[in-house]
Amino acid sequence: MHIRRMFGGIAATVGLILAGVGMTAVTGAIPAAASLPSSITCTGSPYGVIPAGTYTSLNMPPGAFCLTEGAVVITHGVTLGTGSGLAADTGSLTIQGSLTVGADAAFSDFNPAAPASITVLGPVTVQTNGWFGTSGPTIAGSVRATNASALQIFDTKIWGPVTIIGGGGDNPVLDAIDQCYSTASTPCAGPPYAYNQNFLVSDQIFGWVSVTNYDGWWTGIFANTMGPLVFSDNNTPAGTAIGFNTIYGLAACSSNLPGAPNTGSDVSGPSVVHGPTLGNQRATCTGVPGGTFFP
């Protein structure tokens, strides 16, 4: 699998779209000399810009798409409406509350080569067919995805557990920028590579990681420091690779299809597990030949 390439593909594709149009200000944007509005609403065609400033709220209506530019602070939580998209382009984005990525919506940093600094001072929730992808943020709470298209989280400090339940479906925001959605019958020739893949890579996770019943194209869990791992009942046609992690607690793998983690072409190196390795796929659960056990 091709880690990070998909981020670059999204940024390049959106960049081409935006380069051909003029900037459209969002509702609430005013001259720099005046006081900043207390709230701001994402609007514009084909996109809007959230300018640098501090706002009490950011409204993301269904179908809206916006980039943040400069240092943007939202003093409350943010909810992305159905099918909307929000990307942090330059500077920093601080959400002083929770972040909810609504059904069919997408949230990402815009430039993975030089990602904006993202801080979410609360939990992250990703809803049905939502997509969440970031590199280097801080999340001061848990991350929970229920029937989401995918989570792709790199180099991130997460102060809570990561729970992925079900999902792997189509995301219309990424479809609109010509990214690739894969199923077992229609794999991506790539590039661009399938976006419905879970990645947890080089993260510090202060809680468990649980991935169950996910039906996306592939899953990779690499080089994380984390709490206990549960990986079960997933059906990922391209396989699963779990390796080079430090796991504090048990690691359990069971009943994953089309085969156990770290088999076939996706063989990863062993993890260090400070606890028992359990489940009917424990032999390859945490790398080949299965991780190092420290009771």
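Each reported figure results from applying straightforward, stated rules to the coordinates on display, with no laboratory input. Nothing here was measured: the structure is a model prediction, and the numbers come from that model. Every residue, glycine among them, receives a Cβ derived from its backbone with ideal geometry; neighbour counts consider all protein chains shown.
Numbers at a glance
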read-out	value
Around Ala223: net Lys/Arg minus Asp/Glu count, Cβ-Cβ under 11 Å	-2
Peptide ranges 155-164, 98-107 listed from the most packed, as the mean C-beta count within 10 angstrom indicates	98-107, 155-164
Given charges at beta-carbon only (K, R positive; D, E negative), |dipole| of the stretch 5-227 in Debye	280 debye
Range of Cα positions in the chain per principal axis (Å), largest first	63, 39, 28
Environment charge of Val49, counting only residues whose C-beta is closer than 11 Å and scoring Lys/Arg +1, Asp/Glu -1	-2
Charge sum, other residues only, whose C-beta stays under 14 Å from Ser232's C-beta, Lys/Arg counted +1 and Asp/Glu -1	-1
Under 5 Å, built H, 5+ apart or other chain: amide partners of Gly166	Asn147, Thr212, Asn213, Tyr214
Inter-part distance where the stretch 137-173 and the stretch 101-134 are each reduced to a Cα centre, Å	8 Å
Among 214-221, 187-194, 242-249, the order from most to least packed when residues are scored by Cβ within 10 Å on average	214-221, 242-249, 187-194
Convex hull (Cα only) mean projected area of the stretch 107-227, reported in nm² to one decimal	6.9 nm²
Mean Cβ count within 10 Å, highest first, over the residues of peptides 266-276, 87-97	87-97, 266-276
Degrees, to the nearest 10: 5-19 long Cα axis against longest axis of the chain	20 degrees
Percent of beta bridges antiparallel (DSSP, the chain, rounded to nearest 5)	0 percent
Förster radius 22 Å - calculated FRET efficiency between Leu278 and Thr146, Cβ distance, rounded to 0.05	0.35
